[in-house]
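The values are calculated or read from the model by the stated rules, or taken from the named source; none is laboratory data. Because the structure is predicted, anything quoted here is derived from the model rather than measured. A quick note on method: Cβ atoms are made from the backbone with ideal geometry, for glycine too, and the neighbour counts reach across all protein chains shown.
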Amino acid sequence: MTQENQTSPDIRQNGANTKTPLEELVENLHKEFSIMQEEGYYGNTEAITDLMNEYVANNDDYKDYCFSCPYKYTRNLIAKSDVFELMVICWKKGQPSPIHNHEEQRCWMGCVKGRLQETYYVFQDTKDTHGTGLLEESHCHPIENGSVGYITDEIAFHKIESLTEDSTSIHLYSRPITECNIYCPMTGAITRRKLGYFTQYKSKESINVHTSFDYVPTTNSYISTNTTAISTTQ
Ligand SMILES: N[C@@H](CS(=O)O)C(=O)O
Ligand SMILES: [Fe+2]
């Protein structure tokens, strides 16, 4: 598949003179991510950070992609290509992500509503992400409304939570992440989890696949799972 044909139909259909800020962001990301870097990945990290900063500081047309769930934070896909994935994540207070890695991909997180908190974790034995066993908290900081955070596995594992009743963030992954590790801070156990979307391109059609980390949808509700072994089920 090409990068363009995985972009939201809304974004593809609008004419060149009627682009919304989000459409412009997606177009610029496609351009930026088409450039191979010396480091061996697509897209210049600083240029992409600038694009994200510019968008989150000044715009609110992401709101069309916001869908919340009473039980879990939601991942709502805006655009996807072979080399990046852009989504809106809607958080309610008490819906943290579990401690997780990012599969050696780069992750940008722009807070567009509310206020988030990011907590870093490293292995106790090495004080970085290359060890084994138990984790420890290494750092904790807010991601303020209008600002963009950035993380890689080299920096830390992390979890995110909303400090306000509702928060919204725009997450960009390069490359797309389809599954990741979840780390139990008490036991050091690592669980493999598939990542899904609550909505794709503003549509809930895909709701019968995983919504986020921990919930398996049933006909009318979401049931919590406590997976302790590697899970790759859809
Ligand atoms: N990386 C998480 C959200 S966050 O906690 O960074 C996800 O994609 O679901
Ligand atoms: Fe994350």
(message) For the condition away from ligand 2 (no atom under 12 Å from the Cβ), under 21 Å from GLY146 (Cα atoms) and not hydrophobic (A, V, I, L, M, F, W, C), what is the one hit in GLN117, GLN124?
(response) GLN117
(request) Would you please name the residue that is farthest from ILE170 (Cα to Cα), looking only at residues in the range 45-66 that are buried (at least 17 other Cβ atoms within 10 Å of the Cβ) and of a type outside the set (Val, Ile, Thr)? (result) LEU51
(message) Let me spell it out: the conditions are (1) more than 13 Å from ligand 2 (Cβ to nearest atom); (2) under 15 Å from ILE89 (Cβ atoms), and ILE190 meets all of them except one. Which number is the exception?
(response) (2)
(request) Working carefully through the options TYR71, TYR55, TYR62, find the one that is within 16 Å of ligand 1 (Cβ to nearest atom), in contact with a helix residue (DSSP H, G or I) (Cβ under 7 Å, 6 or more places away or on another chain) and hydroxyl-bearing (Ser, Thr, Tyr). (result) TYR62
(request) Look at ILE182 and say whether it is touching a His at 6+ places or on another chain (Cβ under 6 Å), more than 10 Å from ligand 1 (Cβ to nearest atom) and either in a strand (DSSP E or B) or more than 28 Å from GLU46 (Cβ to Cβ) (or both). (result) yes
(request) Test each condition in (1) in contact with a His (Cβ under 9 Å, 6 or more places away or on another chain); (2) away from ligand 1 (no atom under 11 Å from the Cβ) for ILE151 and report the one that comes out false. (result) (2)
(message) Yes or no: the range 90-98 includes at least one residue that is within 15 Å of ligand 1 (Cβ to nearest atom) and of a type in the set (A, V, I, L, M, F, W, C).
(response) yes
(message) Can you say whether HIS141 is closer than 21 Å to LYS92 by Cα, away from ligand 1 (no atom under 11 Å from the Cβ) and not in a loop (DSSP other than H, G, I, E, B), as far as the supplied structure shows?
(response) yes
(request) Report whether or not THR152 is over 26 Å from VAL26 (Cα atoms), of a type in the set (S, T, N, Q) and either within 15 Å of ligand 2 (Cβ to nearest atom) or over 14 Å from the mean Cα position of the chain (by Cα) (or both). (result) no
(request) Please state which one of ARG115, ARG106 is closer than 30 Å to ALA189 by Cα, at pLDDT 95 or above and surrounded by fewer than 16 Cβ atoms within 10 Å (Cβ to Cβ). (result) ARG115
(request) State which residue is nearest to ASP64 (Cα to Cα) when the search covers only the range 84-109 and only residues that are more than 13 Å from ligand 2 (Cβ to nearest atom) and part of a strand (DSSP E or B). (result) VAL88
(message) So if I check each of THR129, THR119, which one is within 22 Å of the chain's Cα centre (by Cα), among the β-branched types (Val, Ile, Thr) and outside any strand (DSSP E or B)?
(response) THR129
(message) Please go through the range 67-82 and give me each residue that is away from ligand 2 (no atom under 16 Å from the Cβ) and either crowded, with 23+ Cβ neighbours inside 10 Å or under 14 Å from the mean Cα position of the chain (by Cα) (or both), ordered by number.
(response) ILE78, ALA79, LYS80, SER81
(request) May I ask you to list the residues in the range 185-197 that are out of contact with any Leu (no Cβ under 9 Å at 6 or more places or on another chain) and within 15 Å of ligand 1 (Cβ to nearest atom)? (result) THR191, ARG192, ARG193, LYS194, LEU195, GLY196
(request) Filter the range 163-179 down to residues that are closer than 28 Å to GLY40 by Cα, outside any loop (DSSP other than H, G, I, E, B) and out of contact with any helix residue (DSSP H, G or I) (no Cβ under 7 Å at 6 or more places or on another chain) and give me whichever is farthest from ligand 1 (Cβ to nearest atom). (result) SER174
